[in-house]
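J.: Please find one structure pasted underneath; my questions will follow.
What follows is calculated from the coordinates using simple rules that are stated; it is not laboratory data. Note that this is a predicted model, so its numbers are computed, not measured. Positions of Cβ are generated from backbone atoms using ideal geometry, with glycine treated the same way; all protein chains shown enter the neighbour counts.
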Amino acid sequence: MSDQTSQNLFANLPTDLTDELVSVLAESAHVRIERLVSTGQCSEPVFWYDQEEHEWVIVLKGQARLLFENEDDPVTMLPGDHVLIPAHRRHRVEWTTPDESTVWLAVFYSNRDPQK
């Protein structure tokens, strides 16, 4: 018998957050899976994410807009939309829905070549 219990990504969603809520769902030496919940949060105007890892992210609920450095138009993300962000591709969150929770699932994985 397994001691694992089923969990729901949409359970206990907060409705009013000061900061984005990040929960690590699973991780190993080479991969990390996170649930992110936003309620209108976005990146500071001068801030850019510049990550060491690749990131695959999907919006499961709500809406968001991502902006990539050196691009004029943000990418609008609706439920089911996903994007692969290569390591060091500078990006920021321009907007998330303020009147409902935006639920993201993000998978971060190593930029290192396992052969090296």
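J.: List L9, L78 from most exposed to least, where exposure is judged by having the fewest other Cβ atoms within 10 Å.
T.: L78, L9
J.: To the nearest 20 debye, what charge dipole does the chain have about its Cα centre, counting +1 at the Cβ of each Lys and Arg and -1 at the Cβ of each Asp and Glu?
T.: Charge dipole of the chain: 340 debye, to the nearest 20.
J.: Another one. Please give me the summed charge of the neighbours of V37: other residues whose Cβ is under 13 Å from its Cβ, Lys and Arg +1, Asp and Glu -1.
T.: -3
J.: Scan around K61 for amide H atoms under 5 Å from its own, H built in the peptide plane at 1.01 Å from N, and keep only partners 5 or more places away or cross-chain.
T.: HN-HN under 5 Å from K61: V103.
J.: Now a separate question. Express in % the proportion of alpha carbon pairs of the chain at distances exceeding 19 Å.
T.: 50
J.: Just add up the charged neighbours of R92: K/R +1, D/E -1, any other residue whose Cβ is under 12 Å from the Cβ of R92.
T.: With Lys, Arg at +1 and Asp, Glu at -1, the net is -2.
J.: Between beta-carbons, use under 13 Å as the cut-off and find the net charge around D81, counting Lys and Arg +1, Asp and Glu -1.
T.: That works out to +2.
J.: Extending each Cα 7 Å along its Cβ direction at S110 and E27, get the distance between those two points in nm, one decimal.
T.: 1.5
J.: Now for a separate question. At 7 Å along the Cα-to-beta-carbon direction for both T76 and K61, put a label point, then send me their distance in nm to one decimal.
T.: About 2.2 nm separates the two model spin labels.
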